[in-house]
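Take a look at the structure set out below.
The values are calculated or read from the model by the stated rules, or taken from the named source; none is laboratory data. Treat the numbers as computed from the prediction; the structure is a model and nothing was measured. Neighbour counts run over all protein chains shown; Cβ positions are idealised from the backbone, glycine included. What goes into the accessible areas is simple: the full protein's heavy atoms, side chains included, and nothing from ligands, DNA or RNA. Shrake-Rupley method; radii C 1.70, N 1.55, O 1.52, S 1.80 Å.
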Amino acid sequence: QVQLVESGGGLVQAGDSLRLSCTISGRTFGNLPLAWFRQAPGKDREFLARERWGDTGAIYADAVKGRFTISRDNAKNTVFLQINSLKPEDTAVYYCATASSALQIIRGSYDLWGQGTQVAVSS
């Protein structure tokens, strides 16, 4: 059974940086890419980034380009999301996700999710 576990969230001040981690178990790491999403209170879930896959480089939402960086450590079966220059509007629960098949990845239909890690940014 595939399991995703996020960590690294917390309460920070505006301008700080955070590195979120997502560790995957139960599946051979590297087969399909992981993605990061977030959901702020009262808002829809928002796509943030997806790691590179095949010939496709990493993908970022326009709203976070330049501040967010997705990376991975194969030895640790972990994907990271580096967030710089945090803003109060970055306050949300951050989730990592992947899918059961390549077709689902192509469609953006993620069916495997972690439990989330809370990020709160004070002004």
Legend entry - Karplus 3J(HN,Hα) series, Hz, for the range 68-85 with 6.51 cos²θ - 1.76 cosθ + 1.60 (x for Gly, Pro): 10, 9, 9, 8, 9, 10, 5, 5, 9, 6, 10, 10, 10, 10, 8, 10, 10, 6
Inset, instruction - Run the accessible area of the chain with a 1.4 Å probe and give the carbon-and-sulfur part as a rounded percent. - result: 46
Inset, instruction - For the chain, state the semi-axes of the equivalent ellipsoid (square roots of 5 times the eigenvalues of the alpha-carbon gyration tensor), sorted largest first and rounded to whole angstrom. - result: 23, 14, 14
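What is the projected area of the convex hull of the Cα atoms of the range 18-80, averaged over all directions, in nm²? Display every interim value, and only then the final one.
Working: hull surface 20.8 nm².
The orientation-averaged projected area of the Cα hull of the range 18-80 comes to 5.2 nm².
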Legend entry - Net charge of neighbours whose Cβ lies under 11 Å from the Cβ of residue 105, counting Lys and Arg as +1 and Asp and Glu as -1: 0
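Could you sort 67, 72 by accessible area so the largest value comes first, with the probe set to 1.4 Å? Before the final figure, lay out each step's value.
Details: 67 35, 72 80 Å².
Per-residue accessible area, sorted high to low, gives 72, 67.
Heavy atoms only, probe 1.4 angstrom, no DNA, RNA or ligands counted: give me 76, 87 ranked by accessible area, highest first. List each step's numbers first, then the result.
Values: 76 130, 87 80 Å².
Output order, biggest surface exposure first: 76, 87.
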Legend entry - Positive-pole candidate from 15, 34, 61, dipole of the chain, charges at beta carbon: 34
Legend entry - Set of lysines with alpha-carbon distance to residue 43 below 29 Å, sequence-local pairs under 8 removed: 65, 87
